[in-house]
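Asks: One structure, as structure tokens, below. Some questions next.
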There are 2 protein chains.
Amino acid sequence: MNGRPSDVTDSVSLAEALFAPRGVALIGASDDATNPGARPLRFLAKHGFKGAVYPVNPNRARIGGHGAYPDLASIPGPVDLAYVLVGTAGVAEAIAACGQKRVPVAVVLADGYAEAGGAGEARQAHLVEAARAAGVRLLGPNSIGLLVPATGLAMSANAAVETERLIPGRTALITQSGSILGTLLSRVQARGLGFSKIVAVGNEADLSVGEVGALLVADPDTDVILLFLESIRHGLALARFAAAAHAAGKPVVAYLLGRSDPGRAAALSHTGAIAGSDKAAAAFFRAHGILRVDHLETLYEAVPLVSGRTPSVFAGTAAAVVSTTGGGGAMAADRLGLAGVPVEGLPPASVARLREAGVPVKEGRIIDVTLAGTRPEIMRAALDAALAEDHVGLVLAVIGSSAQFHPELAAEAVAGYASSEKPVAAFVVPHAPETIARLAQAGIAAFANPEACADAIAALRAWGPPRPALARDVPPAAADILASAPDDVLDTQSALAFVAALGIETAPSLVVPIGAAAPVLPFGFPVAAKALGPAHKTEAGGVVLDIADEAALAAALKTLAGNAAAADTPLDGILIQPMVAGLGEALLGFRREPGIGPVVVLGVGGVLAELYEDVAIRLAPVDERKARAMIEEVRGLAPLRGYRNLPKGNLGALAAAIARFSQLAALPVAEADINPLIVGETGAVSVDALVRRGPRSEIE
Amino acid sequence: MNGRPSDVTDSVSLAEALFAPRGVALIGASDDATNPGARPLRFLAKHGFKGAVYPVNPNRARIGGHGAYPDLASIPGPVDLAYVLVGTAGVAEAIAACGQKRVPVAVVLADGYAEAGGAGEARQAHLVEAARAAGVRLLGPNSIGLLVPATGLAMSANAAVETERLIPGRTALITQSGSILGTLLSRVQARGLGFSKIVAVGNEADLSVGEVGALLVADPDTDVILLFLESIRHGLALARFAAAAHAAGKPVVAYLLGRSDPGRAAALSHTGAIAGSDKAAAAFFRAHGILRVDHLETLYEAVPLVSGRTPSVFAGTAAAVVSTTGGGGAMAADRLGLAGVPVEGLPPASVARLREAGVPVKEGRIIDVTLAGTRPEIMRAALDAALAEDHVGLVLAVIGSSAQFHPELAAEAVAGYASSEKPVAAFVVPHAPETIARLAQAGIAAFANPEACADAIAALRAWGPPRPALARDVPPAAADILASAPDDVLDTQSALAFVAALGIETAPSLVVPIGAAAPVLPFGFPVAAKALGPAHKTEAGGVVLDIADEAALAAALKTLAGNAAAADTPLDGILIQPMVAGLGEALLGFRREPGIGPVVVLGVGGVLAELYEDVAIRLAPVDERKARAMIEEVRGLAPLRGYRNLPKGNLGALAAAIARFSQLAALPVAEADINPLIVGETGAVSVDALVRRGPRSEIE
């Protein structure tokens, strides 16, 4: 009963209902032990839940040694949480009954909803409606349940909860995948550690990751919140939760599935084809101050590395590797390097000081203290020396065979650094689960594999605070052009005018109808001529470049019209522009990602951005400082940044263009791109643009 | 004594001396238990080595309960193997004594040799000379020793050998890093598995990985050979060993350190800057039929996946994922996709058949048999169905919580597939070391992490046989041009003539001296003019393109001369060529990689290859079929392969050019590149070339 008097009636909070219910009902509890529907009752008993537990089953008077109730209405006391264990067909009725009993939250196990597509989506919509009508909040459907180890609230159908003991801890887990509840429970408990709460949100039809996360931000028993995500849904709630977690000093660490399946929606613009959901997801995590990890092990092993720490704790400095084993140290340093984390050794003066103090350290990139490092005082001296260096922001202790034979000795020296100002982590080279468990229990992130170790440290290094809100600032002229366009897809000239109205330089242009003679140009030769028609013009062969004079222009117009006729492509006309010279071409894109919000994309112009997936993506809008960081991130823009001895492009103009373009977030634009944006020594000029109007999304 | 009569005298083979010595001497054996020099004696006794063991120490009559000998000469019986445990200063003397005692092989523990650089390299050269003079083969220096678990030959100073029991197995390990001996020993033994032999080759001053590998190819107790490499040294021996291993049906699996340190030698050509040692190493492994793994865990967990199998066993088909857990299956499939392994489900007819047979499988990319898959017969039915599909070449069983609570049940169904024609592997989702050990012991590769699992399966899929020897076929005219060049770096016109003599089309060219008037051209306008001088011409701004007529040419010549004068760059003249039009530019490079041999490199022309490290590398020479595969591999050449609706480049001409250029392997060329090689619809034309003469290397 968690200390609350039993005469409190209906007014429990959502957090109380979920995490400290006075009574729980198990609707459709089974007495067939092989049925997952029998598990919650067994688990609640096994793990010693002290609240009232009411199995509900119209066909049984007793279930698993408990008295059963024919229906919810027959239950005498308050029910704060119900687990609906019946099949899909019976769920709606159970929810209605919850409403009548004034059960504030129902967890739904059944699947066959949105995750099944088609009819399942409609079924889910009906379920949500029914729950709203009944005044019941839903967790799921397709939820394997939730756990509060400290109170034995083992309200889950996951087989892993069969475990002998649920270990309480200060880490919470929210998972979209039900089976991961068991995976992480078993892996973390194997280290002697546990969770404060685990919540499987299933399909998030009602309670989302973000809303549950907000409850955990307020939970005094939770320090770190882990997310296992199949996709980013309800991004707005997720973003708000992340901001609250940051404010409360609770790090959020996320693992996202589905990266290999590009699932790229057929998109009108280049940007759509390029952005890909995973890069946009990375931008989302970064913008909201969520650490993103790549390896499954990292998700749980990194916890001590982030717990109690704030973003940027390890930004801009190098890692030092202190190792008792040359080979293990080299492996760790190699992996860190591959993950983009610089590894640096000690300066000669520090090496000399250490040697004077009797630490037999070798000079080099790795601080190799050899076998002597198995003596705790030697390891401590080396760790202290590394931590004292200004250029070192994190120290990785690599522990060799002593971890296998003398776990207490190996763990002792490093365990004392759990609350060091600069983070200290450990990579345990041999098979030494006891040393890993000892370190983890002492609050040191201890890794069994160099790959996960490097992944965690790289994620920590990339961790920044949530981005501040940025003013929306769009010139009214741009909004007017958008509003007055006759079609959702703007014609090329309107699109260029729109871009110009945003404050981005554009090339002058002239459109002539098909079959027209070469016009008198308001700009000089050489020019380019482009057939105006469907998007992705280069596919249609509808571009002639470097047209030197009027005769060549006349020939080009004929060629383009002929090509279009031959290919049966309807043309709107032919666009003529001066050739714009520059040092390089950029692609600037804008798009609203489902669940994530508006993003701005920078890549190299032409087909390269797509070929190499070489783009920088940020949530829009961005300021010019962030835009500069985006420019640095695109490898293919190296020539513009000053490659070898070539002249540099005007990166200030490019950054300004990115920032202005990113303000599309404030307009009803679905997607847009400028391709190419030609960057020269003096400026950045848009040569072609595509703009599609569309509604703004909920999350901005 | 391994069954050989003790009166056999000196004529033991190298393999017998190393792996079945009649007597071993421990020179400098210590009686200070904390000294690593005391370990081999203790370990040999602990693990029950039956041969004669002779501690040698002039200062002690007894060591660790054994009678000690003041010197080698005092030992009565034959000594086939000596471990030199003395400090660096005493090693040379010990080797000389080994010669006098006619000890065929000495293992040297001391460090301070080539791995220490500088004076260490000279010291190592002296040691090798001394050993040759004494008629003693060396293992090391800097060798932590060797193990033969089946006979208790625990001749190592690695602390991990302190383990209670050395488990014999059918896998051998050769490692350059000493500490990895302990790492892999502990990790593999934790699965209840072991090794046939472990050999730490140290600095490979004499006995190399390849030479030791050849012994293991002949070893009847070894099925699979693992290599832990810090770098590729003695590539020729390594290549010969790999070929012999292939012929013997013994897979070789390699892990290579040092990937994050590009260590790029200052190179004259673009190729040198691009190739990087890791990509060349990958080409080496591939060409010699060695599986290359990326994760530490993979090195040992993948063994059952390759043991007894031949290359290409899983080439060209997809993996199927049969899972008892949706989340775990999705994680595995996601990782496989990221590693480039296609994952496919069952066709509807097969799903229907399975369902009729009572297997509750869902349709989709993952063959999700749900909790029912915890019943062995259900899992078997699903595995059989997947294996029966022609498009499936490997099946991954993903085992959920049953692995944790019912290891015998979870392992049972999958264990029966160890000798399945198509490989079957397992990913164990929860913490379940017992299930993993059971599976591994049954001969199923069982992974605890989805990342290593995908790494192993991707390595298996990429595994091919060693390349066949390819005829060297160089036109004599090319050899003549090379031989008659006055300098090692050919001037541009000679380089282009050389390329033409190889049978690769080149653009016509004319060179005019600085200050000359515009010449009469033997080809039409437009032309390009390039200042001839140092390499990397684009850095000097010494190129003018698209010169339209004679007047423009005169102006360009002046500009180039002026630029050069202003930059104080000495020029050899100015090269004039017609502008060559094409659909794209390729870079073709050739280089001799230390230890690896000649490689041919294909990338995109211009700076892109370097920016994106987007190159295909193969050992040279290659035939046109391999050249086509290289073309497919370079992302940036997508436009030439027919991107969207654009015309395709003449890939046949490009492949022919690659094959011909790769024949530089047969000529004394140190490095060369053609950049750009302009590829159009009709052919591939070299516009610029760089050739540096240099000696051929030992390994070709």
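The values are calculated or read from the model by the stated rules, or taken from the named source; none is laboratory data. This structure is a prediction, so every number in the text was calculated from the model and none was measured. Because the Cβ atoms are built from the backbone with ideal geometry, glycine has one as well, and the counts that use them run over all protein chains shown. For the accessible areas, the whole protein counts, side chains as well, though only heavy atoms, and no ligand, DNA or RNA atoms are used. Shrake-Rupley method; radii C 1.70, N 1.55, O 1.52, S 1.80 Å.
Asks: Among (1) under 30 Å from the mean Cα position of the chain (by Cα); (2) open to solvent by 10 Å² or more (accessible area, probe 1.4 Å); (3) within 21 Å of B:Val303 (Cα to Cα), where does B:Gly416 come up short?
Replies: Of (1) under 30 Å from the mean Cα position of the chain (by Cα); (2) open to solvent by 10 Å² or more (accessible area, probe 1.4 Å); (3) within 21 Å of B:Val303 (Cα to Cα), only one is false for B:Gly416: (1).
Asks: Between residues in region A:437-452 that are within 15 Å of A:Ala413 (Cα to Cα) and residues that are among the hydroxyl-bearing types (Ser, Thr, Tyr), which pairs lie under 8 Å by C-beta distance while being six or more apart or on different chains?
Replies: What qualifies is A:Gly443/A:Ser307; A:Gly443/A:Ser419; A:Ile444/A:Tyr417; A:Ala446/A:Thr435.
Asks: Within region A:419-432, restricting attention to residues that are closer than 26 Å to B:Glu162 by Cβ and not in a strand (DSSP E or B), which residue is nearest to the chain's Cα centre (by Cα)?
Replies: So the residue we want is A:Val429.
Asks: While we're on this one: Report whether or not B:Arg635 is within 27 Å of the chain's Cα centre (by Cα) and away from chain A (no Cβ under 14 Å).
Replies: No; evaluated as a whole, the condition is false for this residue.
Asks: How many residues are under 21 Å from A:Glu613 (Cβ atoms), within 22 Å of the chain's Cα centre (by Cα) and open to solvent by 10 Å² or more (accessible area, probe 1.4 Å) if we restrict to region B:587-611?
Replies: Count: 1.
Asks: Same structure, new question: For region A:545-577, which residues satisfy the criterion of being at pLDDT 85 or above, within 23 Å of A:Ala495 (Cβ to Cβ) and open to solvent by 40 Å² or more (accessible area, probe 1.4 Å)?
Replies: Within region A:545-577, A:Leu545 is the sole residue that qualifies.
Asks: Ok, one more. Mind counting the residues in region B:349-382 that are basic (Lys, Arg) and under 40 Å from the mean Cα position of the chain (by Cα)?
Replies: Qualifying residue count for the region: 2.
For (1) hydrophobic (A, V, I, L, M, F, W, C); (2) in contact with an Asp or Glu (Cβ under 7 Å, 6 or more places away or on another chain), each residue gets a yes or a no:
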site: A:Leu470; (1), (2): yes, yes
site: A:Val474; (1), (2): yes, no
site: A:Leu482; (1), (2): yes, no
site: A:Asp488; (1), (2): no, no
site: A:Val499; (1), (2): yes, no
site: A:Val511; (1), (2): yes, no
site: A:Ala564; (1), (2): yes, no
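Asks: Please specify each residue of region A:225-272 satisfying the condition of being under 13 Å from the mean Cα position of the chain (by Cα), small (Gly, Ala, Ser) and modelled with pLDDT under 90.
Replies: Hits for region A:225-272 are A:Ser231, A:Gly258.
Asks: Follow-up. Checking the condition outside the structural domain of A:Pro407 (by TED's automatic domain parsing) and either surrounded by fewer than 20 Cβ atoms within 10 Å (Cβ to Cβ) or at pLDDT below 90 (or both), which residue from A:Phe498, A:Phe525 passes?
Replies: Just one listed residue meets the conditions, A:Phe525.
Asks: Looking only at region A:326-364, how many residues end up being at the interface with another protein chain (Cβ under 10 Å from one of its Cβ atoms), open to solvent by less than 10 Å² (accessible area, probe 1.4 Å) and part of a loop (DSSP other than H, G, I, E, B)?
Replies: 1
Asks: Sticking with this one: Going by what's in this entry, would A:Asp368 be described as within 14 Å of chain B (Cβ to nearest Cβ), open to solvent by 10 Å² or more (accessible area, probe 1.4 Å) and under 12 Å from A:Thr324 (Cβ atoms)?
Replies: Working: within 14 Å of chain B (Cβ to nearest Cβ): yes; open to solvent by 10 Å² or more (accessible area, probe 1.4 Å): yes; under 12 Å from A:Thr324 (Cβ atoms): yes.
Yes.
Asks: Show the residue pairs that are 6+ apart or on different chains and have beta-carbon atoms under 7 Å apart, the first residue being within region B:613-625 and farther than 15 Å from B:Arg472 by Cα and touching a residue at least 12 places away in the same chain (Cβ under 8 Å), the second being of a type in the set (Val, Ile, Thr) and in a loop (DSSP other than H, G, I, E, B).
Replies: B:Asp614/B:Val634; B:Val615/B:Val634; B:Ala616/B:Val634
Asks: Oh, and also: Among what's in region A:381-390 and is of a type outside the set (Gly, Ala, Ser) and buried (at least 18 other Cβ atoms within 10 Å of the Cβ), pick the residue that is nearest to A:Leu346 (Cα to Cα).
Replies: A:Glu389
Asks: Could you list, in sequence order, the residues of region B:88-117 that are in a loop (DSSP other than H, G, I, E, B), within 16 Å of B:Pro40 (Cβ to Cβ) and not β-branched (Val, Ile, Thr)?
Replies: B:Leu109, B:Ala110
Asks: Looking at region A:70-79, can you tell me whether even one residue there is within 14 Å of chain B (Cβ to nearest Cβ), within 12 Å of A:Ile27 (Cα to Cα) and either touching a residue at least 12 places away in the same chain (Cβ under 8 Å) or touching a Ser or Thr at 6+ places or on another chain (Cβ under 7 Å) (or both)?
Replies: no
Results for (1) of a type in the set (Ser, Thr, Tyr); (2) open to solvent by 20 Å² or more (accessible area, probe 1.4 Å); (3) within 13 Å of chain A (Cβ to nearest Cβ); (4) part of a loop (DSSP other than H, G, I, E, B), shown as yes or no for each residue.
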{"residue": "B:Pro141", "(1), (2), (3), (4)": "no, no, no, yes"}
{"residue": "B:Ser177", "(1), (2), (3), (4)": "yes, no, yes, yes"}
{"residue": "B:Arg187", "(1), (2), (3), (4)": "no, no, yes, no"}
{"residue": "B:Asp206", "(1), (2), (3), (4)": "no, yes, no, yes"}
{"residue": "B:Asp219", "(1), (2), (3), (4)": "no, no, no, yes"}
{"residue": "B:Thr222", "(1), (2), (3), (4)": "yes, no, no, yes"}
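Asks: Check region B:631-654 and report whether any residue there is buried (at least 24 other Cβ atoms within 10 Å of the Cβ) and over 29 Å from B:Leu545 (Cα atoms).
Replies: no
Asks: When region B:612-630 is examined, which residues are found to be more than 13 Å from every other protein chain (Cβ to nearest Cβ) and open to solvent by 60 Å² or more (accessible area, probe 1.4 Å)?
Replies: B:Glu624, B:Arg625, B:Arg628
Asks: List the number of the failed condition for B:Thr492; all other conditions in (1) modelled with pLDDT under 95; (2) touching a Pro at 6+ places or on another chain (Cβ under 7 Å); (3) open to solvent by less than 60 Å² (accessible area, probe 1.4 Å) hold.
Replies: Tallying (1) modelled with pLDDT under 95; (2) touching a Pro at 6+ places or on another chain (Cβ under 7 Å); (3) open to solvent by less than 60 Å² (accessible area, probe 1.4 Å), B:Thr492 fails exactly one: (2).
Asks: Within region A:433-491, which helices (runs of 4 or more DSSP H) (wholly inside it) include 1 or more residues that are touching a Ser or Thr at 6+ places or on another chain (Cβ under 8 Å)?
Replies: Once the helices (runs of 4 or more DSSP H) in region A:433-491 are filtered for at least 1 residues that are touching a Ser or Thr at 6+ places or on another chain (Cβ under 8 Å), what remains is A:450-462, A:476-484.
Asks: Here is a further query. For B:Phe427, work out the one condition from (1) open to solvent by 20 Å² or more (accessible area, probe 1.4 Å); (2) touching a Pro at 6+ places or on another chain (Cβ under 7 Å); (3) within 14 Å of another protein chain (Cβ to nearest Cβ) it doesn't fulfil.
Replies: The single condition B:Phe427 does not satisfy is (1).
Asks: With within 20 Å of A:Pro55 (Cα to Cα), hydrophobic (A, V, I, L, M, F, W, C) and in contact (Cβ under 8 Å) with a residue 40 or more places away in the chain as the only criterion, which of A:Leu109, A:Leu173, A:Leu193, A:Leu127 stands out?
Replies: The match here is A:Leu109.
Asks: Based on what the data block shows, is A:Ala495 in a helix (DSSP H, G or I), over 28 Å from the mean Cα position of the chain (by Cα) and more than 14 Å from every other protein chain (Cβ to nearest Cβ)?
Replies: Yes, satisfied.
Asks: If a residue must be in contact (Cβ under 8 Å) with a residue 40 or more places away in the chain and of a type in the set (S, T, N, Q), how many such residues does region B:556-580 contain?
Replies: Taking region B:556-580 and keeping what is in contact (Cβ under 8 Å) with a residue 40 or more places away in the chain, we get B:557, B:561, B:564, B:571-580.
In the following step, the residues that additionally are of a type in the set (S, T, N, Q) were identified as B:577.
Residues meeting the conditions: 1.
Asks: Considering only region A:395-405, I want to know if a residue exists there that is on the phi < 0 side of the Ramachandran plot, modelled with pLDDT under 95, assigned by TED's automatic domain parsing to the domain that holds A:Ile436 and surrounded by fewer than 22 Cβ atoms within 10 Å (Cβ to Cβ).
Replies: Checking region A:395-405: at least one residue is on the phi < 0 side of the Ramachandran plot, modelled with pLDDT under 95, assigned by TED's automatic domain parsing to the domain that holds A:Ile436 and surrounded by fewer than 22 Cβ atoms within 10 Å (Cβ to Cβ).
Asks: Something else about it: Can you find, within region B:604-627, the residue that is farthest from B:Arg591 (Cα to Cα) among those that are in contact with a Gly (Cβ under 8 Å, 6 or more places away or on another chain) and in a strand (DSSP E or B)?
Replies: Across region B:604-627, the extreme among qualifying residues is B:Val604.
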